[in-house]
Every structure is written in C-alpha cells, then in structure tokens.
Amino acid sequence: MDNYKSFSKNAKKILNSPICNNKMQTAHYTAMENLFCPETNKDGYISLGIAENILSFDVMKDKLSVDPNFCQRLTQYSDMGGFKDCRQSIANLLQNHLFKFKPINNPELLVNYKQIILANGATPLLENIFNMFCDQDEVALIPSPMFPNFIPFAGQRFGVKIIGVKSEVYNTNNNNNNNNNNNNNNNNNNNNNNNNNNNNNREIIDFELNLEEFEKLYQLHPVKLIVLCNPNNPTGYIFSKKQIKKLIDWCREKKVHLLSDEIYALSIFNRNYCSGTREDNENTNNDFDNEDDNDNNNNEKDGANNQIPTNSFSSIYDICKGDMGEYIHLVSSFSKDFGLNGFRAGYFYSQNQDVLRYLLSTSNYYSCSNIVQSALINIIEDKKYLCSFIKENQKRLTSSYKFATKTLHQFNIPYLKSSAGLFLTIDLRKCLNKLPELNNNNNNNNNNNNNNNNNNNNNNNINCPFKKEIQLWELLFDNRVIVNPGKLCYFDEPGFYRLIFTLSNEFVYNGIERISKVYNQLLNS
C-alpha cells in the first residue's frame, strides 16, 4: 500500500475490495486478450461468463448504422434525466411492449415521461439507488442466487450490505435443512465436505420468495431495500406472480422499498413468445389475480431438471395493476433485451416524486450519451420494426438455448431448466468429491469474493464448503473456458455454474466441450 500513500481512505478501500483483487472477477478481461477463434486461435480462451447477446446484431445493424434524427442538438448538453423525447419513447416502450395491464379507467396510471430517468447503463442507476435508500452498513435483501455485481454496486463505494435470501427449493428426499440454513451467512457456515457429498443427491425443483425468511432477516438487520431480479440472473427463473404480490404487500406494510430489476423482461424463451405488444398480450379483463402462473407446455428432456416450473412473466407494474405507489420501483436497460451492452443506456421508472427528484438531481453524474439517446428513439419509435425485432430476438434466444442444452446432453452435463435471460445453470456437483484435497497454502484469494458483505468471514478457511467449487473453476480456467461459479452468485451449495449461451454456436459448442473434458475426466477418475 506504500504506492497509495497520497490516496484517500475511500480510494484505498476500493483498491482493496474483492472486485479489484479477484481472479474470477477479472477472468473475462484476461480472456479478451487471448480470445478463441476457430480459424486463427483455437487455443484461445472461451468466455461463457459475460451476459452479452450477439444473436440479433444483424437485425439491429441498419438501425444503428444510420440515424435519421442526427442534428446539432446531439452535440450539446442533454436535459437532466435524458431528452424528453427519449424518455417519452421509453414510456411508450414500457406501456406498449413490457406492461400488459392497461389502466383504462385510471389514465393517471399511464406511464408519464417525467417518471422516467435515463442513465448511462443500469449500473450507475443501481449504485445510486442503493445510496438513496441505504446508509453505510444498512442492508438490502436480494433473493439468491443473485447477480454477483449487486455486491460491489451496493458496497464498494457506499458500504451498503447485501444479504441473500435463499430461494432454492430442493426435493424432499434429502431436504431436512432446506429451509433451515441462515441466508445471511451466504450459506457457508453449516456445511462440510460430508454434507457436500450428500447434497449432490438433492435436486433443485423450484425457486420461491419465502416471506418467513424475509421477515426473519428484517427482524435481525436494518433492512431498507429489497431488490428482485425477475427474470432471475443467474438462473433464468421467472418468479410466481402470486409470490411477488405477497412480497409487494409485505414491503408496503414494512415501508421498505422494492426495486424490480426487469433487465431480461423481453428475453423470454422456452414458451410461446411474449413480445409484449398490445396485439400479442391484450388482456381485456386485466385479471392478473386469476391468471395462471404455470406454463409448462414445453417439457425439456436431455439432462434438464423438469420439475422446475416455467412461469409466465408479468412486470411488477402489471402485478400492482398499474398502481406502484410510493415503495415500488423498476429498473432496466437496453443491454440484454436489445444486445446493446456497449451503448450504456439504462432507465428507472417510479411513481414516487421524491425518489424521482433525487435521481434527477444527481443525473449529471451518469448522463446517457445524446448519440445513444437518438439511436434509441430511432429503434423504439419504428413500431413495426420494434415488434419484429423483439419476436425475432426471442426466436433466436430459443434456438440458441435449445442448441446449448442439446450440446450439454451430448456431453452428459446436467443443467437446470431456464425460462429467460441469456444463460442457464450447469450442475457439476457430482465431480467435486473427485478433486484432490487442498491445503491452506492453496486456498488463495479467489475465496474472498463476498467477505465484505457476510456476517461470517470464513472464505479463506480450508473448511469453506465452496473451496472445491473454486478449485474446479481453476481447472476450467486452466483449460481456457470461463463460467461463473455459484459462490459468486450466492448459490446455497457448491457445484453450480452460470453459462452464457447467446454467442455463436461454434463458440458455445467448443466451450461446453472443454467443460466436458474436465467434468467427465474427473467423474471417470
């Protein structure tokens, strides 16, 4: 730290944080310097760890190449929170393509552009939202498994703590401790190697929002915010509308803010396409209370756990019947559903005027580029093109998902059924007990990824139940394939890894083949 003597304590804290000192967190950038290419670099890295969708660029290319709205205004400063016409376009996108509920008798519940805040990606919005609702050492609860970067978004600069609320539901055969583990310990405290071996026989059959667990953690910690990622990252699971409604009611009763992260709302697959257009999703009765969650017409085979239900998706706006009120908010971006990660465009929607005033007053720190705003208007306001793009992208997502699952079956790799997003979860638990035992000297700093957000910091302990998961991740990395370990995502037990499939078939196939060589070699050893 001698090199940083002149740095502030805040800067030193960031430089010492896990995200700056973790091989797993930076693996993708290592891969980018030596990326696999079937023609020129067959031994390069294959990264299946970054959630990017490249499947529909050819459909989007012409829209991005020429901007008919280009004018001098784009060279000047933008309005706070984004151009009015871009915010209006996003309001139209929400009302006409993401939200099913139509407030026919309550026009004041229609989305107003003034309720939209535009930013340079969801990342700065999320960080600012954590800062808005939580002081240092206060707590946000997030159903786990969860998106790993929620942790640094909340804690790296503002010291907000994240506690995972376990959502996995296991089959009843070996399910004695299914609901008894304390989620706030990141499930690292009550397991040992023998338990890990036994847990290999358990199967995840569902995910749930357990209000008893939320209440228990609320009584123990200064909880100020709930973040619900739906569809879920990393599992691709869509939570039940009835459970979300109960969580909404609980948050309102406790006066705890609920943020719905719906960044994958239009990336639905493995069911009838849900484009969100008025024509496709008109619900004349708006009867969401009685609408069936379950949509299990597409039963998978080929190694998936078919007990996991496929729920239909509805935005939190729909579940609230348009009346989100003071405590319910929504965040999303164009990175995933539109394949525009590099454009850095995210947005926030709320009906709470005080919340909007705060975000508007701080919007200069994360303004979205005017060029990007103009491109978004060009995409959204071409209604025929927009509907066509959403449907085609979902069609390609479905095809890519089927290719990935077929390839996993070919190489005998089990996985969890997914319904949405750019990813699925592979289950490599069976080979963990084939790995050699580690000593303390081998337990490197890869095991400290969540140490600033857990109540018990035992990640460097040789008895850490995730040590073999990290060991297997190292083997995969040595074989030049990158996936996200479940430990980063707060999975309940070790052996699950997130795999991105929205890349070229050749890239995905070669990546799965490399995983299979490690996995099957261990199983047969």
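Quick notes on this one:
Residue-wise test of (1) more than 19 Å from the chain's Cα centre (by Cα); (2) outside any helix (DSSP H, G or I).
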site	(1), (2)
Leu386	yes, no
Phe389	yes, no
Lys395	yes, no
Thr398	no, no
Tyr401	no, no
Leu424	no, yes
Lys430	yes, no
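For every residue, the table says whether it meets (1) surrounded by 23 or more Cβ atoms within 10 Å (Cβ to Cβ); (2) free of Cβ contacts under 8 Å to residues at least 24 places away in the same chain; (3) over 19 Å from Ala27 (Cα atoms).
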{"site": "Leu488", "(1), (2), (3)": "yes, no, no"}
{"site": "Asp492", "(1), (2), (3)": "yes, no, yes"}
{"site": "Ile500", "(1), (2), (3)": "yes, no, no"}
{"site": "Glu506", "(1), (2), (3)": "no, no, yes"}
{"site": "Lys517", "(1), (2), (3)": "no, no, yes"}
{"site": "Asn524", "(1), (2), (3)": "no, yes, yes"}
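- Among the residues making up region 129-152, those that are open to solvent by 10 Å² or more (accessible area, probe 1.4 Å), farther than 24 Å from Pro494 by Cα and not polar (S, T, N, Q) are Met132, Phe133, Asp135, Asp137, Glu138.
- Residue that is surrounded by the most Cβ atoms within 10 Å (Cβ to Cβ), among those in region 316-348 that are polar (S, T, N, Q) and in contact with an Asp or Glu (Cβ under 6 Å, 6 or more places away or on another chain): Ser332
- Number of positions in region 403-416 that are under 21 Å from the mean Cα position of the chain (by Cα) and within 24 Å of Leu340 (Cβ to Cβ): 1
- Selection within region 253-280 - farther than 16 Å from His97 by Cβ, in a loop (DSSP other than H, G, I, E, B) and at pLDDT 95 or above: Lys255, Val256
- Residue within region 312-332 that is farther than 30 Å from Cys134 by Cβ and either at pLDDT 95 or above or in a loop (DSSP other than H, G, I, E, B) (or both) present: yes
- Test for Phe239: is it of a type outside the set (Asp, Glu) and closer than 15 Å to Asn210 by Cβ: yes
- Here region 64-95 is the region considered, the condition is being surrounded by fewer than 18 Cβ atoms within 10 Å (Cβ to Cβ) and within 20 Å of Asn393 (Cβ to Cβ), and the residue that is nearest to the chain's Cα centre (by Cα) is Asn92.
The values are calculated or read from the model by the stated rules, or taken from the named source; none is laboratory data. All of these numbers come straight from a predicted model, not from anything done at the bench. We place every Cβ from the backbone using ideal geometry, glycine too, and count neighbours over all the protein chains shown. The accessibility values were calculated without ligands, DNA or RNA, using every heavy atom of the protein model including side chains. Shrake-Rupley method; radii C 1.70, N 1.55, O 1.52, S 1.80 Å.
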